[in-house]
Amino acid sequence: MYIYNHSTPFILKPFCLIKQKNKSNASLFWILLIVFHLVVLYLIHHRFGFNYSNEGAKYIDQAKNLINGNGLMTIKYSSFYTFYVLYLSVFIYFKLPLVLIIICTYAISIYAYYCFYKLLKHSINSTVAKIWLTCMLLSPLILYWQFNLFSESFFIALSLIYLSVFLSSSPSPFSVLKIGLLSIALILSRPNGIFIVLVTALLYIYQHKLLSKKTLIFGSLFIGIILMIVIVFFMPLPYEDFSFQIASGAIYCGFPTLPPTSLPEANYTLWNCYANIYNSHGLSELIQLFIKKGLSFFVTSRPYYSMFHNVFNRAHDIFYILGIIGLYHAYKYKKRELSILMAFFSIVILNAMMVSLIYNEWSERHTVQVFPYIFIVGAYIMSLFFKKIKLNKIV
């Protein structure tokens, strides 16, 4: 690398100046990003503070039950969140302050963002990686969840670490073991972890051409059908939190749109709940509920949020449009990034389908988990826009 000084040959001086300018711009980018990130964190904390109640308090109670030897109770009520409860139990066991859990989860999140940034830089390009990281570090929708004990921030971080490890690993016994352990941890952190595990595995098989495209497609359909059968017909649901809400037509915020169900308290599956709606209100109402619940997945505002909160949340809607444009562009021009963009888009759609099957909770908890992937597709089309502007300036 040349350093510009008086002894540098005249013909190389412009190139040295360009390198120095690029290095200076890169340093400025990171400094500004860190400063603005800290400012956004401060504003969110100033407005909302730390939250140890609601769902977080439930997880803490389950962690205490686990420590006291009531492991079966934890598995019964938090089977899909077992690993997160285990994570919390470490802090509870050593009687550490709850704020330390939030700080440690934040540190894990920053590490996860960095790992995923490197993955995007390698698999797509550095501009997309920088735009994505900027979105993650400045988004109030993402950062708000860093200040509570809900499982969202932990799950997002674990998901990004898993994707980074899986998609950048070369086949070896150690990498298989590492990916296997991370898969188990991810699936036991939130139920939709299974979507990320399956989609990532299919993407890896496709990229490395381990199976033919035809076999991959039919294999994916077969796995999807088996999973759907298990989830709809065999998976038992807690009555108060799920069966009652679903049978009452809950769409989002947990507010039913149908009269309270007459379904007596018992153990039910999704099929039992749907059958009750069909028998009571007909097929048309059942189809409308599926559509309404699917669309509600993408709504991040709530009537009881402040205007400040809703405005910042709904500002993220622009990424839905950017994402659609990005996918269309990659498909139309047969870009090499299409496979990885489609994989991330699939994770979003599968999560929306999950909400269609159950119901969206009182907050944007379901939706925030897929915004890292929505940001990627949005960052892709934004990078092309910036590239076009740069080329026009040069011309």
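The values are calculated or read from the model by the stated rules, or taken from the named source; none is laboratory data. Since this is a predicted model, take the numbers as computed values, not measurements. Heads up, the Cβs are rebuilt from the backbone with ideal geometry, glycines too, and the neighbour counts pull from every protein chain shown. Note: accessible area is taken over every heavy atom of the protein model, side chains too, but ligands, DNA and RNA are not part of it. Shrake-Rupley method; radii C 1.70, N 1.55, O 1.52, S 1.80 Å.
Any idea of Tyr114's accessible area? Nearest 10 Å², probe 1.4 Å.
Here the residue's solvent-accessible area equals roughly 120 Å².
Could you calculate the contour length gain from Ser53 to Ser169, that is, 0.36 nm times the residue separation minus the distance between their Cα atoms, to one decimal place in nm? If you can, show how the numbers build up before the last one.
Values: separation 116, 0.36 × 116 = 41.76 nm, distance 3.89 nm.
Using 0.36 nm per residue and subtracting the Cα-Cα distance, I get 37.9 nm.
If packing is taken as the average count of other Cβ atoms within 10 Å, what order do 131-141, 365-375 fall into, highest mean first?
Working: 131-141: 20.3, 365-375: 22.7.
In decreasing order of mean packing, 131-141, 365-375 become 365-375, 131-141.
Helix 13-48 versus the longest principal axis of the chain: what is the Cα-based angle in degrees, 0 to 90, to the nearest 10?
30
For Ser262 and Ile324, what does the FRET efficiency come to when R0 = 35 Å and r is the distance between their Cβ atoms, rounded to the nearest 0.05? It would help to have the intermediate numbers written out before the result.
Details: r = 42 Å, r/R0 = 1.19.
Efficiency computed from Cβ-Cβ geometry: 0.25.
Could you tell me what percent of the accessible area of segment 303-363 is made up of carbon and sulfur, with a 1.4 Å probe and every protein chain present? Kindly include the intermediate steps, with their values, before the conclusion.
On the way: 2420 of 3240 Å².
Percent of accessible area from carbon and sulfur atoms in segment 303-363: 75.
Using only Cα atoms, tell me the angle between helix 173-187 and the longest principal axis of the chain; keep it within 0 to 90° and round to the nearest 10.
50
Run the reach check for Lys118 against aspartates and glutamates, Cα to Cα strictly under 18 Å, same-chain hits fewer than 8 apart removed. What comes back?
List returned: Glu337.
Mind checking which of Phe385, Ser296, Leu341 is farthest towards the positive end of segment 284-395's charge dipole, using Cβ charges of +1 (Lys, Arg) and -1 (Asp, Glu) about the Cα centre?
Phe385
Quick check: with the 1.4 Å probe, what order do Arg47, Arg302 take by accessible area, largest first?
On the way: Arg47 125, Arg302 5 Å².
The ordering from most to least exposed comes out as Arg47, Arg302.
For the chain, take the convex hull of the Cα atoms, compute a quarter of its surface area, and give me that in nm², please. Please report the intermediate quantities before stating the final value.
Working: hull surface 101.0 nm².
Approximately 25.2 nm², given one-decimal rounding.
If each of Val230 and Ala201 carries a label point 7 Å out from its Cα toward its Cβ, how far apart are those two points in nm?
0.9
May I ask you to compute the full-extension gain from Ile184 to Tyr239, defined as 0.36 nm times their residue separation minus their alpha-carbon distance, rounded to one decimal in nm?
Numbers: separation 55, 0.36 × 55 = 19.80 nm, distance 2.64 nm.
Extra length from Ile184 to Tyr239 when fully extended: 17.2 nm.
Suppose all protein chains stay in the model; what accessible area per residue would a 1.4 Å probe give for the chain, in Å²? Walk me through the intermediate numbers first.
Details: 21360 Å² over 395 residues.
Result: 54 Å² of accessible area for each residue.
Sequence-distant or interchain residues sharing an amide H contact under 5 Å with Asn148, placed H: which?
Those qualifying (amide H under 5 Å, at least 5 residues apart or on another chain) are Asn51.
Provide the per-residue ³J(HN,Hα) series for segment 193-205, in order, calculated from phi with Karplus coefficients 6.51, -1.76, 1.60 and θ = phi - 60°, each as a whole number of Hz, with x at glycine and proline positions.
Working through the residues one at a time gives x, 4, 5, 5, 4, 5, 5, 5, 4, 5, 5, 4, 4 Hz.
Extension gain Lys95-Leu357, at 0.36 nm per residue separation less the Cα-Cα distance, in nm?
Numbers: separation 262, 0.36 × 262 = 94.32 nm, distance 3.92 nm.
Full extension of this stretch gives 90.4 nm more.
Which whole-Hz ³J(HN,Hα) couplings does segment 359-368 yield from phi under the Karplus relation 6.51 cos²θ - 1.76 cosθ + 1.60, θ = phi - 60°, glycine and proline marked x?
Calculated HN-Hα couplings, in order: 6, 7, 6, 5, 10, 8, 4, 5, 6, 4 Hz.
Quick check: at a probe of 1.4 Å, how many percent of the accessible area of segment 243-288 sits on carbon and sulfur atoms?
Working: 1370 of 2390 Å².
Within segment 243-288, the accessible surface is 57 percent carbon and sulfur.
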